[in-house]
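Visitor: Pasting a structure here, questions to come.
The values are calculated or read from the model by the stated rules, or taken from the named source; none is laboratory data. Bear in mind the structure is a predicted one, so any value in this text is a computation, not a measurement. Glycine also receives a Cβ, built like all others from the backbone with ideal geometry; neighbour counts cover every protein chain displayed.
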Amino acid sequence: MKHPLVEQLIDAQLSFLDQEFTQSGTIKAEFNEFYLWFRKQPLKQLWSFDQINALLQKQVLDTAASSFLIEQITDHIRFALIHPVNDNTLIEDIIPVATIDKIAQYVASKSGHRKALIKRIVNNPSFSSMLTQLIHHSIQDYIDNSVMNKKVPGVGRFMKMGKSVLESVTDTNLDDTVKHYLQKNIIKISQLSEQVINQQFDDNKLYHFQANLWHKIKKIPIGVLRNYVEVNDLPNTVGMGHEIWDHIRQTDYLKKQVHDGILTWYVRNEERPFDLILNDINIDEALIQNELQALLEPVIQSMISSEHLKSRARIYLEKFYYSDETLKILNIESVI
């Protein structure tokens, strides 16, 4: 049963709150006061490691991306690729030359890593097989189609005759003989290849190679990327990328990486107040008071004007005013 006095108090308080919070100054002041309080709270006082880890594990790893999100990612990549500004923007407009030079110097200076990589490549069986076939085909092509064969009468026939004589004397096919020689000496050939490659890609030559490459591509419009990315195939390529992520996110490997990564971050920051943590991601008091407050203020005002806040406040005010303690203070008998 409603009591007239209690209802008048509730309505009066709601009117007061409505009048106060429809003023933009009140919202700004309260928003700022909340931030001033929040920024001084240490991380561990508000959230534990287990709470943060559980949230990220659930939302990032345990929850699959929706099909709509995948479509949005595809659309954004397509939009970025076909945007008309790409045709008038050069590579050098978005990549600073100083950074390119630093990268070139850094890559060129890693001679130890480069030599180790070259060694692994040239000693790989696939490289040896490719090198053997390349040399064999080159020799065969020279015998069959050399310039001397074509321009000097009789030389072609002489070389073919010499090939036949060699095969009859050795009782082997020349192709097989060449292949056997290459296979027998492939280790030496690979070592020679390694030396030649290292000579061609020493620190100085590699630096100038990168510098020359930059000068060749810096004037190319960004739109050239469309020549290397099939825009119509984006649903398939993005879908395949999502399949890889969808599998990785469910592995124990990634769950352990995320767990330990969050733990490392938490241990480093648990004693730090939120103003320092927010500063790490460029959120400071000026941003809160200007951009974020201006962004959220219309949302709060819309919530107030829609009567949502008043209806939610009425629920708790009724619980308060109709409680036995409050009715006793107001000298009102319990309402049944």
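Visitor: Among the residues of the range 293-336, which ones are among the hydrophobic types (A, V, I, L, M, F, W, C), closer than 21 Å to PHE34 by Cα, at pLDDT below 85 and surrounded by 14 or more Cβ atoms within 10 Å (Cβ to Cβ)? I'd like the intermediate steps shown before the answer.
Guide: Just the residues of the range 293-336 that are among the hydrophobic types (A, V, I, L, M, F, W, C), to begin with: 294-296, 299-300, 303-304, 309, 313, 315, 317, 320, 327, 329-330, 332, 335-336.
Applying the additional criterion that residues be closer than 21 Å to PHE34 by Cα yields 294-296, 299-300, 303-304, 309, 313.
Applying the additional criterion that residues be at pLDDT below 85 yields 294-296, 299-300, 303-304, 309.
Selection gives ILE300, MET303, ILE304, LEU309.
Visitor: If you don't mind, another one. Among the listed residues LYS58, LYS28, LYS44, identify the single one that is assigned to a helix (DSSP H, G or I) and free of Cβ contacts under 8 Å to residues at least 12 places away in the same chain. Can you show your working first?
Guide: Details: LYS28 fails: free of Cβ contacts under 8 Å to residues at least 12 places away in the same chain; LYS44 fails: free of Cβ contacts under 8 Å to residues at least 12 places away in the same chain.
Going through LYS58, LYS28, LYS44 in turn, the sole match is LYS58.
Visitor: Please verify whether the range 75-83 includes one or more residues that are touching a Phe, Trp or Tyr at 6+ places or on another chain (Cβ under 9 Å), modelled with pLDDT of 90 or more and among the β-branched types (Val, Ile, Thr). First the steps, then the outcome.
Guide: Going residue by residue through the range 75-83, those that are touching a Phe, Trp or Tyr at 6+ places or on another chain (Cβ under 9 Å) are none.
No, the conditions are met nowhere in the range 75-83.
Visitor: May I ask you to verify whether ALA65 is assigned to a helix (DSSP H, G or I) and small (Gly, Ala, Ser)? Give the steps one after another, and end with the answer.
Guide: On the way: assigned to a helix (DSSP H, G or I): no; small (Gly, Ala, Ser): yes.
No, not satisfied.
Visitor: Applying the selection to the range 94-107, what residues are over 15 Å from LEU213 (Cα atoms) and touching a residue at least 24 places away in the same chain (Cβ under 8 Å)?
Guide: As a first pass, look at the range 94-107 and keep what is over 15 Å from LEU213 (Cα atoms): 94, 106.
The answer is ILE94, and nothing else.
Visitor: Which one of the conditions (1) at positive phi; (2) surrounded by 12 or more Cβ atoms within 10 Å (Cβ to Cβ); (3) not hydrophobic (A, V, I, L, M, F, W, C) does ASN282 fail to meet, given that it meets all the rest?
Guide: Tallying (1) at positive phi; (2) surrounded by 12 or more Cβ atoms within 10 Å (Cβ to Cβ); (3) not hydrophobic (A, V, I, L, M, F, W, C), ASN282 fails exactly one: (2).
Visitor: What's the number of the condition ASN86 fails, among (1) surrounded by 13 or more Cβ atoms within 10 Å (Cβ to Cβ); (2) without any contact (Cβ under 8 Å) to a residue 12 or more places away in the chain?
Guide: Among (1) surrounded by 13 or more Cβ atoms within 10 Å (Cβ to Cβ); (2) without any contact (Cβ under 8 Å) to a residue 12 or more places away in the chain, the lone unmet condition for ASN86 is (2).
Visitor: Something else about it: Quick check on ASN124: is it at pLDDT below 90, polar (S, T, N, Q) and surrounded by 12 or more Cβ atoms within 10 Å (Cβ to Cβ)? Even if it seems obvious, please write down each step before you answer.
Guide: Working: at pLDDT below 90: yes; polar (S, T, N, Q): yes; surrounded by 12 or more Cβ atoms within 10 Å (Cβ to Cβ): yes.
Yes, satisfied.
Visitor: Still on this structure, I have one more. Select the helices (runs of 4 or more DSSP H) contained entirely in the range 195-296, then report the ones holding at least 2 residues which are without any contact (Cβ under 8 Å) to a residue 60 or more places away in the chain and within 30 Å of ILE70 (Cα to Cα).
Guide: On the way: elements: 203-217, 234-248, 252-269, 274-279.
Counting at least 2 such residues, we get 234-248, 252-269.
Visitor: Within the range 9-49, how many residues are of a type outside the set (A, V, I, L, M) and surrounded by fewer than 11 Cβ atoms within 10 Å (Cβ to Cβ)?
Guide: Quick first cut of the range 9-49, residues of a type outside the set (A, V, I, L, M) only: 11, 13, 15-16, 18-26, 28, 30-35, 37-42, 44-45, 47-49.
Keeping just the survivors that are surrounded by fewer than 11 Cβ atoms within 10 Å (Cβ to Cβ) gives 16, 19, 25, 33, 37.
Result for the range 9-49: 5.
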